[in-house]
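Student: Quick one: structure below, then a few questions.
Just so you know, all these numbers are worked out from the coordinates, no wet-lab data involved. Please read all numbers here as calculations on a predicted model, not as lab measurements. For neighbour counting, all protein chains shown are included, and Cβ atoms are generated from backbone atoms with ideal geometry for every residue, glycine included.
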């Protein structure tokens, strides 16, 4: 039951980070909405959330589970910057950032730092985006270890 309490606490504080409304523009670079919700597949797999804070910055978050066999549930939150690239249709950005992750497994809780790097394509005609990312990370609790996660995903903006 402690794992559920830790997970709910992490989700609560992750959502609080996204509620900072200072300097938030009425329209994001997508012109579709500031909030995106979708799925990601890879390691980890789960729900993906994105909140645009302006045309170049956003908060990415996820509620995930591990497919690597350790039955862990995870929460992560990243602050990301976007560099827009020239494309004929839609919008394409290279993004990078910093963040934190919390993993809850049977009798094991982990906390770490993340450095996501990826590509984000925003469709011109639909309120959707596609993303692919690689995320080097450093576990700090309970042990110090290095890991690389990654995946692909899609989000719907409203």
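Student: For the residue pair residue 37 and residue 96, what label-to-label distance in nm results when each label sits 7 Å from Cα along the Cα-to-beta-carbon direction?
Tutor: 3.2
Student: Neighbour counts of other C-beta atoms within 10 Å: give me 109, 64 arranged from fewest to most.
Tutor: 109, 64
Student: Taking 2.2 N^0.38 Å as the expected size of a compact globular protein, what ratio does the Cα radius of gyration of region 81-158 give against it, to two decimals?
Tutor: Computed over Cα atoms of region 81-158, the ratio equals 1.35.
Student: Would you mind putting 122-133, 87-98, 138-149, 39-50 in packing order, based on average other-beta-carbon counts within 10 Å, highest first?
Tutor: 39-50, 122-133, 87-98, 138-149
Student: If you don't mind, there's one more thing I want to ask. Over its Cα atoms, what ratio of radius of gyration to 2.2 N^0.38 Å does region 50-108 give?
Tutor: Details: Rg = 15.3 Å, N = 59, 2.2 N^0.38 = 10.4 Å.
It is 1.47.
Student: For 114, 155, what ranking results if the residue with the fewest other Cβ atoms within 10 Å of its Cβ goes first?
Tutor: 114, 155
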